[in-house]
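**Q** Got a structure for you, questions after.
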């Protein structure tokens with residue numbers, strides 16, 4: 001039988017087997033962060049798919065109602081079938097030609113051209129498996145104020161000339177706002193003030209979209225920038 005003194009001694013912080021990191025609250029905190037890392041990508045995916053299905057369903061359902069088809073869920077099924085058919089058609093020559101013609105039509109319309117080209121560039125930027133990505137590198141910039149850094153993605157460079165004729169090289173830095181990466185802030189920052197990071201664009205996107213939960217094991221200034 002254990003007496004009272006043995007029980008008190010067993011839970012004293014001085015005991016070598018006592019570890020504050022393994023307390024219930026610490027385990028709950030780690031479990032909560034792991035749960036966030038799992039739920040955030042799932043939530044973003046569901047939100048995007050729900051928006052697409054709702055858009056197609058809003059067009060297809062009234063058409064079915066006009067011909068007397070009031071089947072529950074038929075708009076949702078139509079959205080799935082349409083997306084599947086578009087994916088299949090894009091793999092064949094006739095489908096590729098059709099989509100290229102459609103793309104040219106959009107690019108010739110003044111308003112549609114800017115919207116379509118911008119949306120396509122943004123989607124291609126987040127398509128990590130494709131070549132020629134819009135995002136060139138991951139960087140840190142002092143935003144929204146000095147001493148506070150934000151993770152951004154360099155998209156391009158331009159030369160700015162002031163009223164006195166002085167020229168300065170600026171970098172276009174896109175700062176996405178999680179959890180929706182298609183919304184963000186475009187900043188023009190002097191190229192010598194940005195800090196290029198040694199991580200890949202994919203790692204940078206994971207870092208931003210997970211709100212810092214999925215963090216690279218190591219992050220440092222890119223050596224290429226140091227040599228310039």
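The values are calculated or read from the model by the stated rules, or taken from the named source; none is laboratory data. Keep in mind that this is a model prediction, so the values were computed, not measured. Positions of Cβ are generated from backbone atoms using ideal geometry, with glycine treated the same way; all protein chains shown enter the neighbour counts.
**Q** May I ask you to verify whether residue 25 is over 20 Å from residue 211 (Cα atoms), at pLDDT 80 or above and exposed (fewer than 12 other Cβ atoms within 10 Å of the Cβ)?
**A** Numbers: over 20 Å from residue 211 (Cα atoms): yes; at pLDDT 80 or above: no; exposed (fewer than 12 other Cβ atoms within 10 Å of the Cβ): yes.
So residue 25 fails the test.
**Q** A further question follows. Mind telling me which of the residues 218, 202 ends up being more than 25 Å from residue 157 (Cβ to Cβ) and either touching a helix residue (DSSP H, G or I) at 6+ places or on another chain (Cβ under 7 Å) or not in a strand (DSSP E or B) (or both)?
**A** Details: 202 fails: more than 25 Å from residue 157 (Cβ to Cβ).
Answer to the check: 218.
**Q** Another question about this same structure. Only one of 87, 68 is outside any helix (DSSP H, G or I) and farther than 30 Å from residue 213 by Cα. Can you tell me which?
**A** Working: 87 fails: outside any helix (DSSP H, G or I).
From the options 87, 68, the qualifying one is 68.
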